[in-house]
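> Have a look at the structure that comes next, please.
The values are calculated or read from the model by the stated rules, or taken from the named source; none is laboratory data. Everything numeric in this text was worked out from a predicted model, so none of it was measured. Neighbour counts run over all protein chains shown; Cβ positions are idealised from the backbone, glycine included.
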């Protein structure tokens with residue numbers, strides 16, 4: 001056998017036409033590769049959808065938290081005596097707050113404020129409530145000029 005032809009046989013070439021004995025993939029190999037690709041892309045797509053939903057829910061909850069915090073700060077800024085007892089609605093029907101008298105004594109009083117803000121997830125479903133609770137005490141000393 002000619003030395004060039006012997007080298008080609010060893011390297012996987014067919015001596016008759018000079019082409020490799022196995023050029024490319026078989027049909028089954030290509031189908032298996034496509035199936036694996038489809039499974040991976042489906043899993044990635046579902047993960048992305050779940051992440052987007054979670055992000056939208058977190059955004060709504062954060063918005064409710066900021067609304068509750070701002071309403072609570074506005075209520076407390078007026079001082080102890082300006083905080084009315086009872087249950088009251090927030091503006092735009094976003095929620096409500098309840099103020100109760102927790103402790104009364106000759107020296108001090110304590111009001112408990114529970115701020116509730118309602119929010120709905122962007123995907124629909126049940127109404128959620130974000131709740132903040134704080135206590136405000138009356139001034140211990142009254143200074144007069």
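> Quick one: residue 116 ticks every box in (1) exposed (fewer than 15 other Cβ atoms within 10 Å of the Cβ); (2) in contact with a strand residue (DSSP E or B) (Cβ under 6 Å, 6 or more places away or on another chain) bar one, so which box is it?
(1)
> Hey, does the stretch 2-25 have a residue that's touching a helix residue (DSSP H, G or I) at 6+ places or on another chain (Cβ under 6 Å), at pLDDT below 90 and either assigned to a helix (DSSP H, G or I) or surrounded by 10 or more Cβ atoms within 10 Å (Cβ to Cβ) (or both)?
Yes, the stretch 2-25 has at least one match.
> Sort out which residues of the stretch 66-95 are crowded, with 16+ Cβ neighbours inside 10 Å and under 26 Å from the mean Cα position of the chain (by Cα), and write them in order of number.
Scanning the stretch 66-95 gives 67, 68, 71, 72, 90, 94, 95.
> Still on this structure, please answer the following. Scan the stretch 121-134 and tell me whether some residue there is in contact with a helix residue (DSSP H, G or I) (Cβ under 7 Å, 6 or more places away or on another chain), loosely packed, with under 13 Cβ neighbours inside 10 Å and in contact (Cβ under 8 Å) with a residue 12 or more places away in the chain.
yes
> Among the residues of the stretch 48-62, are any at pLDDT 80 or above and either in a strand (DSSP E or B) or in contact with a strand residue (DSSP E or B) (Cβ under 8 Å, 6 or more places away or on another chain) (or both)?
yes
> If residue 117 passes every condition in (1) in a helix (DSSP H, G or I); (2) in contact (Cβ under 8 Å) with a residue 24 or more places away in the chain but one, which one does it miss?
Answer for residue 117: the failing condition is (1).
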